[in-house]
Amino acid sequence: MNAPTGLDLAAIPERIQSEVQRAIMRSIKGVEYFSTAGPSLGSTPKDVLHSRGTMSLYHYRPMSDEIYRVPVLIVMATTNRGYILDLVPGQSFIEFLLRRGYDVYMLDWSAPRPEEKNLRMEDYVLDFIPDCIRRVQADSGEQDVSVIGYCFGGVLSLLYGSIHKDGPMKNLICFTTPIDFREMKLFSNFSDRRYFDVDRLVDSVGNVPPEMILSSFELLRPASRTVSQIQLWENIWNDEFVKSYRMFDRWATDTLPLAGEYFRAITKDLMWDNKLFNDTMSVGGRAAKLENITVPILHAVAEHDHIVPYDAAKHLIAKIGSADKEEVILKGGHVSLVAGANAVKRLWPKLDSWLGRRST
Amino acid sequence: MTDKITDPVALWQKMVGEMEKGFNSFATKAMETPEFSQAMNRAGGVAAGAQKQIGDLMEKYLLSMNLPSREQMTGIAERLQSIEGQLGEIKSMLSQMSANSGAHQVGAAPRPPRTKRPPSEGGDQK
């Protein structure tokens, strides 16, 4: 029966009972939460093909009877760990690719050591990526390699592709990749050249500490961490919610330090001078113009990306020299675009249908 | 069941969501100002400067205690890294030689053939 106010009085006892049950479950599950480890992440079987300092190259073991001719190299962002693309079975992008018949490699990063503070942009673009490409070629026996870059991994892949215009990159896929750094408004303001003394910072600390990187990301949405903890408490009775929370929270807080010289170059060349967008970027004295990239390219961006806003990413496709190029805007945020339940339905099938046709 | 308009839990969740949006939006506006950048970087600069001074003092202390300095440890780490790199190269060369000679790699599973076609060309998705 509905009261004149619209309140369903008959449902109130049922609602109270449900809330009491949830309160009891919260207490039980709350204890469980603190006494157990989260789900095991990044467990798709793989072999370490090569490891050198901050760089690791993995090869994932095929899960299909037949694979595409062209292997895929995933270039991870230098600020975060690659297991965001390999969460748990059923929510692993890597597993998805393997089951769809791709031969998958990943260039992943570990924390640069203090003695690696002098790593420069040149080391990443002209040494690490080409080295991995050569090793993928040798391991797979194929000359062509498709490259997938996530976030700043996309920027590194673009720089690599624009300098190595004669190959061997066959296809390029960028996920949420910024090129117009003026449009990353908060990061741009944090690193305002009038107030941010990058030289002093790098000279003082060597590698930029992960706490500083994490704080910068969290400042973009300062209330969200507190709210997510409130939501965790509300939903702690729900095992699926807790599992998902733990996966993403662990990854988000597992931020990597950045090599000092590399950070200096990012700040000066990209944040201050916006060189990639202005076509004045060079790495190791070699011009890195986006128009030099002529291979097929797919750029996937997220509608609600607070880290790489659409305005920072939207000019990529227009500036690329390829005839075969496509941008796809999908619902979701910076992370939910590539990982989690929505990515399974949205990005992954789109990527498969685009890349499969270009991998034979 | 109660609907979302009268459900106190749903109302609470909506309120939290709105507060989050409102605070984030307010904070973003504040953080976009040059004053915020100036204050943030002044604080950050002081912290970095203090860290450097503490580091210098610590180095002098370690020297007086006859302990290796950070620079010396870094030197050792660099040598270790170089050795690791060379080991990696040797491992890679051995794998290459093994592959070239046709020797079977212990534990290595045979690779599937690279003959897959996309579903539209080759029938159903496997």
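Quick one: which of A:GLN137, A:GLN143 is under 23 Å from B:PRO118 (Cα atoms) and assigned to a helix (DSSP H, G or I)? If you could, list the steps in order and put the result at the bottom.
Numbers: A:GLN143 fails: assigned to a helix (DSSP H, G or I).
Result of the check over A:GLN137, A:GLN143: A:GLN137.
Could you identify the single residue in A:ILE148, A:ILE163 that is more than 14 Å from every other protein chain (Cβ to nearest Cβ), surrounded by fewer than 24 Cβ atoms within 10 Å (Cβ to Cβ) and out of contact with any Pro (no Cβ under 8 Å at 6 or more places or on another chain)? Give the steps one after another, and end with the answer.
Numbers: A:ILE148 fails: surrounded by fewer than 24 Cβ atoms within 10 Å (Cβ to Cβ).
The match here is A:ILE163.
Restricting attention to region A:112-134, does a residue exist that is touching a residue at least 24 places away in the same chain (Cβ under 8 Å), in contact with a strand residue (DSSP E or B) (Cβ under 6 Å, 6 or more places away or on another chain) and not in a helix (DSSP H, G or I)?
No, because not a single residue in region A:112-134 is touching a residue at least 24 places away in the same chain (Cβ under 8 Å), in contact with a strand residue (DSSP E or B) (Cβ under 6 Å, 6 or more places away or on another chain) and not in a helix (DSSP H, G or I).
Going through region A:251-263 one residue at a time, which ones are at pLDDT below 85 and buried (at least 17 other Cβ atoms within 10 Å of the Cβ)?
Scanning region A:251-263 gives a single hit, A:TRP251.
A:ARG69 is checked against (1) crowded, with 23+ Cβ neighbours inside 10 Å; (2) out of contact with any Pro (no Cβ under 6 Å at 6 or more places or on another chain) and fails just one. What number does that condition carry?
(1)
Return the residue satisfying two criteria in turn: it lies in region A:177-208 and is at pLDDT below 95 and in contact with a strand residue (DSSP E or B) (Cβ under 9 Å, 6 or more places away or on another chain), and of such residues it is farthest from the other protein chains (Cβ to nearest Cβ).
Step by step, filter region A:177-208, then rank; the result is A:ASN207.
Check A:HIS299 against each of (1) modelled with pLDDT of 85 or more; (2) out of contact with any Cys (no Cβ under 6 Å at 6 or more places or on another chain) and name the one condition it does not meet.
So the condition that A:HIS299 fails would be (2).
Suppose we keep only residues that are at pLDDT below 75 and in contact with a helix residue (DSSP H, G or I) (Cβ under 8 Å, 6 or more places away or on another chain) within region B:90-126. Which one would you say is nearest to A:SER51 (Cα to Cα)?
Taking the candidates together, the pick is B:SER92.
Answer yes if at least one residue in region A:350-360 is of a type in the set (D, E, K, R), surrounded by fewer than 17 Cβ atoms within 10 Å (Cβ to Cβ) and within 30 Å of B:ARG117 (Cα to Cα), and no otherwise.
Of region A:350-360, the ones of a type in the set (D, E, K, R) are A:350, A:352, A:357-358.
Filter once more, so that each one left must be surrounded by fewer than 17 Cβ atoms within 10 Å (Cβ to Cβ): A:350, A:357.
Of the ones still in play, those that are also within 30 Å of B:ARG117 (Cα to Cα) are A:350, A:357.
Checking region A:350-360: at least one residue is of a type in the set (D, E, K, R), surrounded by fewer than 17 Cβ atoms within 10 Å (Cβ to Cβ) and within 30 Å of B:ARG117 (Cα to Cα).
Looking at A:ASN235, is it on the phi > 0 side of the Ramachandran plot, surrounded by fewer than 20 Cβ atoms within 10 Å (Cβ to Cβ) and touching a Phe, Trp or Tyr at 6+ places or on another chain (Cβ under 8 Å)?
no
Out of the residues in region A:159-189 meeting the condition of being over 19 Å from A:ASP123 (Cα atoms) and assigned to a strand (DSSP E or B), tell me which one is farthest from the chain's Cα centre (by Cα).
Across region A:159-189, the extreme among qualifying residues is A:LYS170.
What number of residues within region A:142-181 satisfy the criterion of being under 20 Å from A:GLY356 (Cβ atoms) and not aromatic (Phe, Trp, Tyr)? Show your work before the answer.
As a first pass, look at region A:142-181 and keep what is under 20 Å from A:GLY356 (Cβ atoms): A:142-150, A:157, A:168-175.
Now drop any that are not not aromatic (Phe, Trp, Tyr), which leaves A:142-149, A:157, A:168-174.
Number satisfying all stated conditions: 16.
Quickly run through region A:305-355 and pick out the residues that are within 14 Å of another protein chain (Cβ to nearest Cβ), under 27 Å from A:VAL70 (Cα atoms) and in contact with a Lys or Arg (Cβ under 7 Å, 6 or more places away or on another chain).
Scanning region A:305-355 gives a single hit, A:ASP352.
Please enumerate the residues belonging to region A:190-211 that are surrounded by fewer than 18 Cβ atoms within 10 Å (Cβ to Cβ) and assigned to a helix (DSSP H, G or I).
Those that are surrounded by fewer than 18 Cβ atoms within 10 Å (Cβ to Cβ) and assigned to a helix (DSSP H, G or I): A:ASP199, A:ARG200, A:ASP203, A:PRO210, A:GLU211.
The values are calculated or read from the model by the stated rules, or taken from the named source; none is laboratory data. Keep in mind the model is a prediction, meaning the values are calculated, not measured. Please note: Cβ atoms are built from the backbone with ideal geometry, for glycine as well, and neighbour counts cover all protein chains shown.
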